[in-house]
1. Starting from the Cα-Cα distance between Arg287 and Asp345, subtract it from 0.36 nm times their residue separation and give me the gain in nm to one decimal.
2. Relative to the present Cα-Cα distance, how much length would full extension add between Asp274 and Val149 at 0.36 nm per residue of separation?
3. Would you please classify the overall shape of segment 208-349 from the alpha carbon gyration tensor, given that a ≥ b ≥ c denote the square roots of the eigenvalues, rounded means a/c under 1.5, and beyond that prolate means a/b larger than b/c while oblate covers the rest?
4. Based on the Cβ-Cβ distance of Tyr73 and Lys196, what FRET efficiency does E = 1/(1 + (r/R0)^6) give at R0 = 35 Å, to the nearest 0.05?
5. Quick one: if you stick a label point 7 Å off each Cα along the C-beta vector at Ser363 and Ala324, how many nm between them?
6. Please identify the trypsin sites (Lys or Arg not before Pro) of segment 219-328 that satisfy two criteria: DSSP loop assignment and at most 10 other Cβ atoms within 10 Å. Which are they?
7. What does the C-alpha gyration tensor say about the overall shape of segment 207-249? Classify as rounded when a/c is under 1.5, otherwise prolate if a/b is larger than b/c, or oblate.
8. With 10 angstrom as the radius, rank Ile256, Ile165, Ile336 by how many other C-beta atoms surround their C-beta, starting from the fewest.
Amino acid sequence: TSVNSFIKEQEQTMSKPGDKSEQGLDLEPPVRMEEEKEVMEVEERVVEVEHPLPCLSESDTQGIIKGRALFGYVGIEAVLDQMRRKTMKAGFEFNIMVVGQSGLGKSTLVNTLFKSKVSRKSCTPNYEEQISKTVHLQSVSHIIEEKGVKMKLTVIDTPGFGDQINNENCWEPIVQYVNEQYEKYLKEELNVNRKKRIPDSRVHGCVYFLPATGHWLRPIDVEFMRRLGKIVSIVPVIAKADTLTLEERLEFKQRIRQDLQANGIRVYPQKEYDEDAEDRILNDKIRENIPFAVVGTDKEHQVNGNKVLGRKTKWGIIEVENVAHCEFAHLRDLLIRSHLQDLKDVTHNIHYETYRVKRLNESNANGLALSPLTLENGTLEKSDAESHL
């Protein structure tokens, strides 16, 4: 009976209405309500900062702030003027090599390109034309100034190339010269106390002259461009193109392009060096005209009351800078007006970098010191002359 009475008392207390905390029930519902209120407040704060001000943060480094988002004029565009002033004060260097047989007009074309007497023949007193027994490399340097911009131009000539009966390995002195210039630059870079500005004697471009035969490329042309195309930028040209008719010129250019493709010869500008679509469109037009059919002269003639550079014949005057007569203007634009800086960039970033990696790998294999450059036998003579034009 006592047990039954105890059970009845517990049932009565459970059925009485009263404070739930006194009945020993769980307090979870009030706590959950407080948590939900805090979550709602956080969500409201997030909604308030959904549209932040345009700024760059550590997590978002791809943000672009353009003119409308700026509070005012900052002056970032003045950097171009600063670079221009520094370049005009210091000047820049450009080294061009001309390769071809004697009598193809190499010196005349260089004079026509820069409209001054810059070739070795023109600036060497008492110069006598002689056929060299071996290939000698001779360079002449000038300081050219135009509208306040100074350029140190170095023209490297290759007398004796292709003039012998036996032209075996006649390209070796040229390969040797190009590699020597890379070696000089590399040693200057590796010095502990480097110069503020390293003298740049590297060959930035090589203009290779093809005789206007109207046939296919000769074996010496194929072999030279195949070897040199790996270490320097080559631009092939058809010399004295006025000796060919328009039909012969077109057929000759098509044959040369076929030969270049069949032999895997790389000429400038290469497709793999095109940086964007705009460069690709421009360079495709240039590649369609390679090799350039050029005519060079440093003599002026009167045409319709105007002085023009041209070659006078019995039937008229061949205007050098007239695109309808020859493609000299395209070559000039490529070498000077549109791709001069790109030629220097390709030389530094592609050809020199390839040579640098090769030499440093050789030095790591042999030890810490840079081993002396082993070059093939060849005759190398340089006569440097300075002039101010």
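1. Roughly 19.0 nm would be gained on extension.
2. Length gained between Asp274 and Val149: 42.2 nm.
3. Here segment 208-349 falls in the oblate category.
4. For R0 = 35 Å, the calculated efficiency reads 0.55.
5. 5.8
6. When the trypsin sites (Lys or Arg not before Pro) of segment 219-328 are filtered for loop state and at most 10 Cβ neighbours within 10 Å, Lys314 remain.
7. The shape class here is prolate.
8. Ordered by Cβ neighbours within 10 Å, fewest first: Ile165, Ile336, Ile256.
Values quoted throughout were computed directly from the atomic coordinates according to the rules given, and no laboratory measurement underlies them. Given the structure is predicted, the values throughout are model-derived calculations rather than measurements. Positions of Cβ are backbone-derived with ideal geometry, glycine not excepted, and every protein chain shown enters the neighbour counts.
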